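Presented below is the structure to which this report refers.
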Amino acid sequence: MKKAFSDLRFREAMQFAVNRERIIDTVFNGLASLPGHGVAPISEWYTNTRGYLGGYNLQKAAVRLDSLGYRDTNRDGIRNFPGGGPNVEFNILHAADSATMPGIGTILQSDLARIGVKVNLQGITGSTVLSTALSGNFESVLSTFGDQPDPQLRKDIWQPGGALHYWRRSLQPAQEGGVPNLAAMTPSERRTYDLFAQAEALGNQAQRRKLYNEWQLLFAKNLPVILIAKPDSVAAFHARIGNYYVGGGAVISSNYSVFER
């Protein structure tokens, strides 16, 4: 499966099998939207990359897998690797105690089964998902990425070789604080690494925006991670609660909900 997921064409097939609209409607009760690539759509740094999300299309996914040689040679409903190899089967690690992750996993499992890809849901305690991912002990993982007002504040996640860039641990520096394994990076990973390094050194916001725009497009085209949905931040507020501003009234924090009894 590592070889399969290393192929952009395979990752594109997997993206075609992600029914984002269904997930938004049923898992998030409609309180979510299509995601950005590394930057939330509400952010001032966001570049519109929705055209690269592919759209839910199991037929396209199946055709793509056929073209790559993943076929049901054993005629048991599960595709095999090219040449009649083992089944195309992998685990999805997720937070079993989450309100949303089990539902997302079940939808992914169901849709992938329809195109002959077997998925096993591996639920663990939510507080251990990140540490498990950082250890490299997973095949695939459902995870969340928090928002920050500036992409540079998420550099450890999105810059290849970063401390939280757990899906490509082979790029980590040999010693903490050292130079990442640049030789092992793909061209898009190396360009992403350079974009973050350049943006970090600039003070001109317009120039930084151009660099982050390029990164988001690289992300969308190369799919190092397949984004699913961006949950909405919902809050209720009362005129007596201060420090919240909405239009002409008070700002509602994107991280908290406040309710007046």
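The values are calculated or read from the model by the stated rules, or taken from the named source; none is laboratory data. What you see is a predicted model; the values in this text were computed from it and never measured. In this analysis, Cβ positions are derived from the backbone assuming ideal geometry, glycine residues included, and neighbour counts consider all displayed protein chains. These accessible areas exclude ligands, DNA and RNA; they are computed on the full protein's heavy atoms, side chains included. Shrake-Rupley method; radii C 1.70, N 1.55, O 1.52, S 1.80 Å.
Odds and ends about this structure:
- Matching residues, segment 32-63, being in a loop (DSSP other than H, G, I, E, B), open to solvent by 90 Å² or more (accessible area, probe 1.4 Å) and either among the hydrophobic types (A, V, I, L, M, F, W, C) or in contact with a Phe, Trp or Tyr (Cβ under 7 Å, 6 or more places away or on another chain) (or both): Ile42
- The numbered conditions (1) in a helix (DSSP H, G or I); (2) surrounded by fewer than 17 Cβ atoms within 10 Å (Cβ to Cβ); (3) modelled with pLDDT under 95; (4) under 18 Å from the mean Cα position of the chain (by Cα) are all true for Ser170 except (4).
- Test: residue in segment 67-75 that is modelled with pLDDT of 95 or more, surrounded by 13 or more Cβ atoms within 10 Å (Cβ to Cβ) and closer than 23 Å to Leu130 by Cβ: no
- Sole residue being closer than 15 Å to Val39 by Cα, in a loop (DSSP other than H, G, I, E, B) and either touching a Leu at 6+ places or on another chain (Cβ under 7 Å) or open to solvent by less than 50 Å² (accessible area, probe 1.4 Å) (or both), chosen from Gly146, Gly161: Gly146
- Check on Ile124, at pLDDT 95 or above, within 30 Å of Arg75 (Cβ to Cβ) and either open to solvent by 60 Å² or more (accessible area, probe 1.4 Å) or among the β-branched types (Val, Ile, Thr) (or both): no
- Within segment 113-158, the residues that satisfy the criterion of being under 17 Å from Phe219 (Cβ atoms) and either under 14 Å from the mean Cα position of the chain (by Cα) or among the small types (Gly, Ala, Ser) (or both) are Ser143, Thr144, Phe145, Gly146, Asp147, Arg154, Ile157, Trp158.
- So Ser110, is it open to solvent by 50 Å² or more (accessible area, probe 1.4 Å) and either touching a helix residue (DSSP H, G or I) at 6+ places or on another chain (Cβ under 7 Å) or modelled with pLDDT of 95 or more (or both): yes
- For first residues located in segment 89-104 and within 22 Å of Gly136 (Cβ to Cβ) and part of a strand (DSSP E or B), partners that are open to solvent by 40 Å² or more (accessible area, probe 1.4 Å) and of a type in the set (Ser, Thr, Tyr) and lie 6+ apart or on another chain with Cβ distances below 9 Å form the pairs Leu93/Ser143; His94/Ser143; Ala95/Thr125; Ala95/Ser127; Ala95/Thr128; Ala95/Ser143; Ala95/Thr144.
- In segment 106-121, the residues that are within 11 Å of Arg79 (Cβ to Cβ) form Cβ pairs under 6 Å with partners that are among the acidic types (Asp, Glu), at six or more places apart or across chains, as follows: Gly116/Asp72; Lys118/Glu89.
- Taken over segment 187-205, the residue count meeting the criterion of being within 24 Å of Tyr52 (Cα to Cα), of a type outside the set (D, E, K, R) and free of Cβ contacts under 8 Å to residues at least 24 places away in the same chain is 2.
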